[in-house]
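Colleague: Would you mind keeping the following structure in view while I ask a few things?
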Amino acid sequence: MSRKLFGTDGVRGTANHHPMTAEIALRLGAAAGRYFRTDRRNGHRVVIGKDTRLSGYMLENALTAGLTSTGMNVLLLGPVPTPAVGYLTRSMRADLGIMISASHNHAHDNGIKFFGPDGFKLSDEAEAEIERILAGEIALARPQNIGRAKRIDDGRGRYVEYAKTTFPARGKLSGLKVVIDCANGAAYRAAPEVLWELGAEVIPVGVAPDGHNINEGCGSTQTATAAGMVVAHGADLGIALDGDADRVMILDETGAAADGDQIMALLAARWAEEGRLRGDTLVATVMSNLGLERFLAGRGLRLERTAVGDRYVVERMREGGFNLGGEQSGHIVMTDYATTGDGLIAGLQFLAAMAETGRPASALVRQFEIVPQMLKNVRYSAGSAPLDTENVRKVIAEAEARLNGTGRLLIRKSGTEPLIRVMAECEDEGLLAEVVDEIVGAVEAVA
């Protein structure tokens, strides 16, 4: 069954434009409620979290109306990280969890992500069935069975206490100075609390959300602000989260950044030495650098690649029984601790490595030499299909032939924005730039 509303990470778009309207959110809530509600018992429960976007209020209320109309009881968590919703869905025995966020996007966008009762994101099949229900006449609850909604005050606190348990008991952060950039997003209170309560001296950045400044000049996609604070304050480490705190970038004491590939390399090597890396396998997407694959192979470990999207990483991890995976963009999935990417807990794992080895961050952030990689995005018009045109296909085929044996090429549509992503890797940086520019030019000509 095909999906029209759902992309690689829930439903996403510009706020107050289809599909991110109150009307669609209401019907989506009702459809999800009908999908998860059975008539065998009362007390069906949904937890809803959100980030700090202004449009979160509108979507939260619309979803609540739709869910209660089908008999679901709604617990409103307020601003909490996406991984907190996954955790609380399971720990509070909810039938459904919902996060209202567009992750790393700007404030004018928003999104709706669903979690099943096990705390994991829904499968493609479940999302397709919710769309099918939404497209028809949704069966509403009888008047006496309409659900209730209430605010939950301790949701963030529950997550804070859980996150602290993931840091090794023998390790304390006393004496470490940590910059935490919360991107004016969902973790603006939780992340500094966790680090401070574990003993660190905390320099918070991006903790003054106003509804419009999420991811604006800060966070994991714009690390210059956090890097400057690390250097200015003489901090030992910087942790930069995105708007919903499921991504992370790590900054060493010089302000140099480590992306998800380098963080995964560090954790995979450490976990393998400790006998903790299940199947001696790391799961990552097709976007992860070739250097990561070579690093793992040199240690007798395996990299298994998936389609882009942390949900696909998680699906493969669950299928194969693996416990570590993620994306170059900073989603780090550790199923021993969380059901989805958790930027804060990944940061704590990096801090644990520093504490246990006694080494500075600069000695840990660069685990392998990257193969030169170039990524360019081309925006295209709605309704167009640039990758289906004859000339674009011809240029891509020629580029693949030129890279044969020396690198690789990946061309794909974004699952969250109208973009064609053109990525290539090659030891020859001149050839790398040539093939990427040729493909971008061909796509732009028909976009």
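The values are calculated or read from the model by the stated rules, or taken from the named source; none is laboratory data. Nothing here was measured: the structure is a model prediction, and the numbers come from that model. Backbone-built Cβ (ideal geometry, glycine too); neighbour counts: all protein chains shown. Remember, those area values only see protein heavy atoms, side chains included, never the ligands or the DNA or RNA. Shrake-Rupley method; radii C 1.70, N 1.55, O 1.52, S 1.80 Å.
Colleague: Those residues that are out of contact with any strand residue (DSSP E or B) (no Cβ under 8 Å at 6 or more places or on another chain) and of a type in the set (A, V, I, L, M, F, W, C), I need them from the range 365-387; list them, please.
Modeller: Correct list: F368, I370, A382, A385.
Colleague: Just to be sure before I move on: is G415 assigned to a loop (DSSP other than H, G, I, E, B) and farther than 30 Å from G238 by Cβ in the structure I sent?
Modeller: When the stated conditions are applied, G415 does not pass them.
Colleague: Within the range 1-20, how many residues are closer than 16 Å to D109 by Cβ and either of a type in the set (D, E) or touching a residue at least 40 places away in the same chain (Cβ under 8 Å) (or both)?
Modeller: Of the residues in the range 1-20, 13 are closer than 16 Å to D109 by Cβ and either of a type in the set (D, E) or touching a residue at least 40 places away in the same chain (Cβ under 8 Å) (or both).
Colleague: Hey, can you tell me all the residues within the range 294-315 that are under 14 Å from G260 (Cβ atoms) and either aromatic (F, W, Y) or modelled with pLDDT under 95 (or both)?
Modeller: Result: F295, V308, G309, D310.
Colleague: Can you spot a residue in the range 121-137 that is in a strand (DSSP E or B) and either more than 23 Å from E417 (Cβ to Cβ) or open to solvent by less than 10 Å² (accessible area, probe 1.4 Å) (or both)?
Modeller: Scanning the range 121-137, I find no residue that is in a strand (DSSP E or B) and either more than 23 Å from E417 (Cβ to Cβ) or open to solvent by less than 10 Å² (accessible area, probe 1.4 Å) (or both), so the answer is no.
Colleague: Conditions: (1) at pLDDT below 95; (2) farther than 30 Å from A102 by Cβ; (3) in contact with a helix residue (DSSP H, G or I) (Cβ under 9 Å, 6 or more places away or on another chain). R412 meets all but one. Number of the miss?
Modeller: (2)
Colleague: I need a count of the residues in the range 372-390 that are surrounded by 15 or more Cβ atoms within 10 Å (Cβ to Cβ) and farther than 12 Å from A447 by Cβ.
Modeller: 4
Colleague: Could you grab the pairs with beta carbons closer than 6 Å, sequence gap of 6+ or different chains, first residue in the range 166-186 and at negative phi and among the hydrophobic types (A, V, I, L, M, F, W, C), second one in a loop (DSSP other than H, G, I, E, B) and open to solvent by 10 Å² or more (accessible area, probe 1.4 Å)?
Modeller: Between residues of the range 166-186 that are at negative phi and among the hydrophobic types (A, V, I, L, M, F, W, C) and residues that are in a loop (DSSP other than H, G, I, E, B) and open to solvent by 10 Å² or more (accessible area, probe 1.4 Å), the close pairs are F167/L198; L173/L198; L173/G199; L176/D236; C182/Y188; C182/G206; C182/V207.
Colleague: Taking the stated definitions as given, is S91 at pLDDT below 95 and either open to solvent by 20 Å² or more (accessible area, probe 1.4 Å) or among the aromatic types (F, W, Y) (or both)?
Modeller: The answer is no for S91.
Colleague: Are there any pairs with C-beta distances below 8 angstrom linking a residue in the range 105-126 that is under 26 Å from A183 (Cα atoms) and free of Cβ contacts under 8 Å to residues at least 12 places away in the same chain to a residue that is of a type in the set (K, R) and in a loop (DSSP other than H, G, I, E, B), with the two at least 6 apart or on different chains, and if so which?
Modeller: none
Colleague: Could you figure out which of (1) open to solvent by less than 40 Å² (accessible area, probe 1.4 Å); (2) part of a helix (DSSP H, G or I) isn't true of I250?
Modeller: Every condition holds for I250 apart from (2).
Okay, residues lined up against (1) within 26 Å of L292 (Cβ to Cβ); (2) touching a residue at least 12 places away in the same chain (Cβ under 8 Å):
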| position | (1), (2) |
| --- | --- |
| N377 | yes, yes |
| Y380 | no, yes |
| A385 | no, no |
| T389 | no, yes |
| I396 | yes, yes |
| T406 | yes, yes |
| L410 | yes, yes |
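Colleague: Pairs please, first residue from the range 191-216 and of a type in the set (S, T, Y), second anywhere and crowded, with 20+ Cβ neighbours inside 10 Å and not in a loop (DSSP other than H, G, I, E, B), Cβ atoms under 8 Å, 6+ apart in sequence or on different chains.
Modeller: Within 8 Å, no pair qualifies.
Colleague: Another question, then. Which one of the conditions (1) open to solvent by 60 Å² or more (accessible area, probe 1.4 Å); (2) under 28 Å from M20 (Cα atoms) does P418 fail to meet, given that it meets all the rest?
Modeller: (1)
Colleague: Another question, if that's okay. Return a yes/no flag: does the range 102-118 have any residue that is more than 24 Å from S220 (Cα to Cα), open to solvent by less than 60 Å² (accessible area, probe 1.4 Å) and not in a loop (DSSP other than H, G, I, E, B).
Modeller: no
Colleague: Do any strands (runs of 3 or more DSSP E) lying entirely in the range 8-93 carry at least 2 residues that are under 22 Å from the mean Cα position of the chain (by Cα) and within 24 Å of A208 (Cβ to Cβ), and which ones are they?
Modeller: 45-50, 73-79
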